Each structure stands twice: as C-alpha cells, then as structure tokens.
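Quick notes on the structure that follows.
Here, each number is a calculation from the coordinates, and none is a lab measurement. Since the structure is predicted, the reported quantities are computational estimates derived from the model, not experimental observations. Every residue, glycine as well, gets a Cβ built from its backbone with ideal geometry; the counts of neighbours run over all protein chains shown.
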Amino acid sequence: MQHRAKIEYDPNWQKKYRDMIYTPHKAMARIRNGQRVFIGTGCGEPQLLVDAMAKRAGELSDVEIVHLLTKGDAPYANPKMADSFSVNSFFIGQNVRGHIQEGMGSYTPMLLSDIPLLFKSGQLPLDVVLVQVSRPNMLGKVSLGISVDIVKSAVENGSLVIAQVNEQMPWTIGDCYLDIYDLDILVPTNIPLIERPSKPLNEVTEKIAQYITSLVEDGSTIEFGLGRIPGIGRIPAACMHYLTEKKDLGIHTELITDSIMKLIESGAVTGARKKTDQGKIVTSFCMGTKKLYDLVDANPLFSFRPTEYVNDPLVISRQYKMVAINMAMEVDLTGQVCADSQGDKFYSGIGGQVDFNRGAARSKGGKAIIVTSSTTEDGEHSRIVSRLSPGAGVVTCRGEVHYIITEYGVAYLHGKNISERTLALISIAHPKFREQLLKEAIEAKYLRQEFSAVGDKFVVASDERKTSLILDDGTEITFRPIHPTDEQRIRDLLYDLSQETLYYRFMSQSTRFGHAQIQNFVYIDHRKDVAIIGTLPEAHGEEIVAVGRYYLDEKTNRAEVAFVIRDEWQNRHIGSFLFKHLITIAKRSGISGFTAEVLRDNKRMQAIFNNSGYKVSSQVEEGVYSFVIDF
C-alpha cells in the first residue's frame with residue numbers, strides 16, 4: 001500500500017470564508033421557481049442540502065432536478081411534491097425509478113462521456129449546483145472526494161454553486177480539486193456519507209463471474225460497469241472476487257465499490273502494465289462503506305478523474321488488453337443489447353457501456369464484454385430473445401457487440417453472421433428456452449429450415465468434461481464437449497482432412513458432406529451420444545484439431561467409438577489421450593465398454609485400442625476389424 005499523502009487542512013477556514021457560509025435553510029432560499037438544479041452523484045450526494053430543498057416544496061414550483069444518479073432518499077420524487085419538483089435523470093436509480101416510470105419525471109439517454117459537454121455548451125444550462133466537498137486545505141483548495149464524474153463539469157458551468165463542506169468527506173487525489181472561490185455558498189457539516197454495502201453473491205452471479213474471469217488475462221486493465229439486473233445485482237463488481245489470482249491487473253473504471261478492496265489486498269492490482277496512469281486505479285466516483293472511503297482518503301494509489309477523461313473511448317483504447325464489463329437487460333438473437341429498460345419501462349441508463357465497449361474493442365488485445373442472467377428474476381422469461389420486447393431500446397448495436405456471457409457460457413459475436421450469432425446465443429440461453437428460441441429463429445429466417453430437426457438436441461454439455469493436454473513442444477490442447485456453435489469449425493476440419501484420413505474415418509472415398517451430416521456431428525444429446533473436441537486458441541475463437549465421439553447402444557450398454565485427428569497433428573499422442581478421456585466419461589456414465597470398426601490398413605488406430613490396457617477382442621471381416629473393449 002502506498003503512503004498516504006499529507007493533507008494540511010485549514011483549521012480556520014470557517015472564519016476565513018465566513019462571508020460565504022450559510023445554513024442549509026438559508027442556502028436553499030436562493031432557489032427560485034422554474035430553475036434547474038443539479039445534485040451531486042451517488043453517495044456523494046449533499047443530503048442536508050437536498051433535505052432543506054425538499055422542505056421548501058410548498059414555496060417552489062416547476063423546479064427541475066438534474067442528476068446522474070443519487071443514493072439518498074430523493075424526497076423531491078415524492079408524488080405529493082410533483083408540482084414543485086420534477087426529475088431529469090441520466091441514469092435511473094431505485095430512488096427515482098417509480099417517479100420516472102409513472103411519468104412524473106424523465107430520463108435523458110446519453111453516453112456518459114457526452115454529458116459534460118451538454119453543460120459546457122449551454123444546451124442544458126444549470127441554474128443551481130448542489131455538491132458535497134471536503135474541507136479546504138491551507139491553499140484554499142477542496143476535493144470533490146468520492147464523486148467527481150460529471151460533478152466537476154457541473155460546478156464549472158453552474159450559475160450558482162452551493163457546496164456542503166463535510167469534515168468526513170475523504171480528500172481524494174487526481175483531477176478533482178476546486179478552488180474555494182469556484183464555490184458561491186459553503187454549508188459546513190460533519191456527518192457520515194451515504195453508505196452502500198455490496199450484496200452477497202448468488203449462484204448465477206458466481207457462474208457468470210467465473211466465465212468473465214476466464215477471459216481476463218494477466219496485465220489486463222478492467223472496467224466494471226454501472227448497470228445492475230433485478231435480483232442479480234452488479235455482476236461486473238462480483239467478478240472481482242475471482243480475479244485475485246491474476247497478476248498485474250490495472251483498473252480504469254467509472255465506479256469502484258467495496259468489492260475492489262479484496263482485489264487490492266490480494267496483490268493482483270498493480271497497474272504496472274497500464275499504458276496511461278501507470279500504477280494508478282483510475283475512477284470517477286465510488287459507492288461503498290466507510291471502509292472504502294477510508295481507503296481512498298489521501299491515497300495516491302487512486303486517481304479520481306472527471307467523466308470526460310475516464311469515459312473517453314480514445315483514452316480507454318490506449319490501454320493494453322482493456323476489458324470492459326457491462327450489463328444487459330435483454331439481448332436479441334442478432335446481438336442487439338438493451339441495457340436501460342424493461343420493455344417500455346425505463347429502468348437504469350446507458351451509463352458508460354457504449355464508451356467502454358468501443359474503447360475496449362479498439363484496445364490492443366482488448367475485450368468488450370456484455371453480461372446478463374439467462375432469465376428474468378422469476379425465471380419465467382428468457383433474457384436471450386428472438387426479438388426485443390416492445391418498447392425496449394438498443395444501447396449497444398449488433399455491429400458493436402463482441403462477447404455476451406450468461407451463467408451458461410460465453411458467445412463471441414463480432415464478425416459473425418446472423419446464423420452464427422443465433423446459434424451462439426441460443427447455446428448460452430437457459431435450457432428450457434432453447435428449443436423455443438430455435439423455433440422462433442427458423443420462423444424469422446435467421447436459420448435454415450433443416451434446424452427444425454435438431455430442436456430437442458440443442459444441448460450444451462457441462463464443462464465438467466473439459467481437460468487439456470500439453471504436447472512435448474509445450475503446445476496446450478484443450479478438450480471440451482462439442483457445442484452447437486462448432487458447426488462451422490467442424491465443416492472447416494472435415495474439408496481440411498486428407499483423402500487418406502477421410503477414408504480411414506468414414507470408410508468412403510467421398511469428400512462431400514451434406515448439411516444434415518455436419519449437423520449430426522454437432523447436435524447431440526451428450527447423454528447417449530458424446531462428442532469431445534480438441535481445440536487450439538485462435539485470434540477470435542478456436543481451431544479444432546481432433547474430434548472423438550461415441551454412440552451408445554442401450555441394448556448392449558456398449559458405445560461405438562470413433563475419432564479423427566487433423567493430419568498435421570497426427571502421431572503426437574493426441575488420439576491416445578482423447579481415447580482415454582472418452583473412456584473416463586463413458587465409465588462415469590455406467591457404460592460397460594466400447595466397440596469400433598477399423599480398416600485393416602489403419603494401424604495407428606488399431607494400436608491405440610490394443611494398447612489401451614483394457615480387455616480387447618477383435619475379428620476381421622472383408623478388410624475391417626471389429627473391436628470390443630470391455631471396461
């Protein structure tokens with residue numbers, strides 16, 4: 001942990017600036033009818049000022065309240081005060097959601113990076129700005145503390161700035177300072193900040209977090225987005241619990257919460273490989289408990305910067321291996337992401353999703369990730385849908401989406417056609433909705449009619465069957481169950497095989513494979529039939545180098561086994577390893593043995609069976625060996 005900066009506060013500041021000091025009631029008396037009032041963000045909200053303003057409800061009319069999001073009680077959103085106050089929010093929090101959904105307030109959908117310019121240009125002039133700051137230092141400077149974000153721009157462009165000067169506001173370090181004379185009115189106080197404890201993880205959140213973690217490489221810089229899903233919470237923050245084994249992570253994000261403390265304590269965060277702000281955790285605001293506020297106080301590890309810097313896609317893109325993690329309420333089969341509404345009901349906001357998605361996508365080695373749970377909170381509706389709900393808005397368009405993650409897996413969509421996207425997204429939908437989604441995709445002409453035959457076979461196997469093999473030269477091959485999204489990879493493999501390899505595997509000279517035949521490789525039930533593929537990582541996916549499969553005959557409780565290895569990877573013990581892995585899976589399923597048909601000339605395959613260590617019997621007829629392997 002870095003040493004704290006020494007902050008010399010001015011002990012006589014109230015005397016020095018006494019002409020600027022007001023009581024909350026006197027300060028709020030400066031608000032006039034019809035004015036636009038900005039309120040500081042999140043847990044940095046100036047509660048005393050807001051409460052004093054609300055007490056003037058009977059005297060005020062048509063006052064517009066503007067904010068990013070606030071975590072206080074929002075008394076101004078009380079229906080009884082509807083004639084006095086209306087809310088205009090850039091991101092809808094729980095405290096104003098009902099007010100806005102009932103039509104008493106409104107939501108302004110904007111990229112977070114664009115909001116400061118809205119103030120600066122005069123398009124949204126601010127008559128009064130209510131903020132909370134630290135006490136001033138000996139140089140007459142104050143810190144915006146835990147909320148810098150769009151607050152700094154609001155202060156710089158507001159006509160009248162009223163600051164709640166709180167003894168308990170941390171002095172954060174970065175581009176977050178104001179001269180005391182940038183403020184017009186000072187309201188001294190010494191009260192605790194609003195706290196927002198992190199909620200415990202649930203099973204769905206943990207599964208999604210683990211998938212996210214698998215995509216985060218050592219040295220990556222990470223953003224944890226603002227959004228949340230009803231009943232699930234903020235998944236991006238949850239994944240911090242699983243990143244503690246990583247090395248040299250960097251943080252560049254709008255928001256930090258208590259979840260970051262464990263990650264810092266683990267030593268995983270050094271920022272050593274960041275291309276800008278090296279060694280610094282860059283953020284624009286934080287919401288958590290006093291423990292977090294104490295951590296950021298005078299701590300040079302943290303750099304609190306305004307939104308126009310933190311959310312600038314160009315700044316984001318300069319980071320090496322930038323990983324952006326944001327959330328979706330709904331994703332359609334073409335890849336359109338709805339993140340701010342439930343149908344026609346506005347729920348949250350755009351926030352920084354587009355800013356960071358674009359920045360991460362342009363970062364060298366970067367990953368733009370959107371996460372969602374597979375179903376709504378009650379489990380009755382899929383969040384992967386054939387068409388977005390009526391009224392749902394698109395936050396991230398289909399052309400900019402990269403990774404989509406649910407608790408059922410990862411779908412990579414960028415550069416994929418509609419058919420490929422559809423299959424990838426159905427494969428990570430909740431199993432009970434996959435068959436219906438497949439049917440709707442065929443009706444929408446996203447998929448060919450032949451897919452109607454695989455509806456009951458659209459199954460994604462458990463990752464429990466995953467394993468890996470390290471070859472003599474250090475190459476690591478990952479073995480996993482085949483997925484419905486592997487259809488194109490299987491097609492590529494089959495057409496790359498030599499004539500000899502094809503003949504040994506299929507006992508035919510034909511080099512043509514029909515669509516139904518390739519589907520038969522991919523769409524299996526993973527119970528009676530099992531298919532395992534060996535893969536190598538590619539820039540945007542995987543290359544299949546081996547396929548092993550067995551087909552169970554329930555009458556004999558034996559399964560017919562077959563496998564094929566890409567020509568250039570043969571004679572490297574991949575076949576033997578794959579065969580043993582298939583045996584392990586079969587034995588766990590209670591299968592008593594394998595059978596196989598092998599051409600007389602296929603000596604390599606015969607050797608694998610004969611040297612398996614199990615009881616093997618065989619007989620030859622018309623140039624074909626029939627093997628029986630008993631476990």
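For the chain, the mean residue ellipticity at 222 nm estimated from helices alone is -7000 deg cm²/dmol, where every DSSP H run of n ≥ 4 contributes -39500 (n - 2.57) and the total is divided by all residues, rounded to the nearest 500. Look at the Cα gyration tensor of the stretch 463-630: its axes a ≥ b ≥ c give a/c under 1.5, and that counts as rounded.
Let me check I've understood the local charge: for T372, count other residues with C-beta under 10 angstrom from its C-beta, Lys and Arg +1, Asp and Glu -1. What total comes out? Summing Lys/Arg as +1 and Asp/Glu as -1 gives -1. Using the Cβ of Y76 as centre and a radius below 12 Å, the other residues enclosed give a net charge of -2, where K and R count +1 and D and E count -1. Label sites at D51 and T189, each approximated as a point 7 angstrom past Cα along Cα to Cβ, lie 0.7 nm apart.
Using the Cα coordinates of the stretch 501-574, the gyration tensor eigenvalues translate into equivalent-ellipsoid semi-axes of 22, 16, 15 Å, sorted from longest to shortest. For the chain, the longest principal axis of the alpha carbon atoms and the long axis of helix 353-362 meet at an angle near 50°.
Taking trypsin sites (Lys or Arg not before Pro) across the stretch 531-593, the ones in a DSSP loop with at most 12 further Cβ atoms lying within 10 angstrom of their Cβ are K555.
Taking 7 Å steps out from each Cα toward its Cβ at R512 and Q94 produces label points 6.3 nm apart.
In the stretch 203-457, a dipole from Cβ-located charges (positive for Lys and Arg, negative for Asp and Glu) runs towards its positive end, and of G349, G279, I212 it is G279 whose Cα lies farthest in that direction. Stretched out straight at 0.36 nm per residue, the stretch from A444 to L139 would grow longer than its current Cα-Cα span by 103.2 nm.
Normalise the Cα radius of gyration of the stretch 203-457 by 2.2 N^0.38 Å (N = residues in it) and let me know the number.
Details: Rg = 18.4 Å, N = 255, 2.2 N^0.38 = 18.1 Å.
Relative to the 2.2 N^0.38 Å estimate, the stretch 203-457 comes out at 1.02.
Taking the Cα centre of the chain as origin, work out the dipole magnitude from +1 charges on Lys and Arg Cβ and -1 charges on Asp and Glu Cβ, in debye rounded to 20.
Working: 72 positive and 77 negative charges, 130 e Å.
Here the chain has a charge dipole of around 620 debye.
If both residues of a DSSP beta bridge must be in the stretch 463-630, then about 95% of such bridges are antiparallel. Can you give me the angle between helix 431-443 and the longest principal axis of the chain, using Cα atoms only, in degrees from 0 to 90, rounded to the nearest 10? Once rounded, one gets 80 degrees.
In this simple spin-label model, placing a label point 7 Å from the Cα along the Cα-to-Cβ direction at both D179 and H3 gives a separation of 3.1 nm. Angle of helix 203-215 to the longest C-alpha principal axis of the chain, folded into 0 to 90 degrees and rounded to 10: 80°. With neighbours defined as other Cβ atoms within 10 Å of a residue's Cβ, the residues E195, E330, E64 order from fewest to most as E195, E64, E330.
Along its principal axes, the stretch 180-304 has C-alpha extents of 50, 37, 21 angstrom, given from the largest down.
In the structure shown, the pairs K247/K275; K71/K290; K466/K587; K432/K555; K207/K291 are assessed against 21 Å; a Cα-Cα span above that value is assigned to K432/K555; K207/K291.
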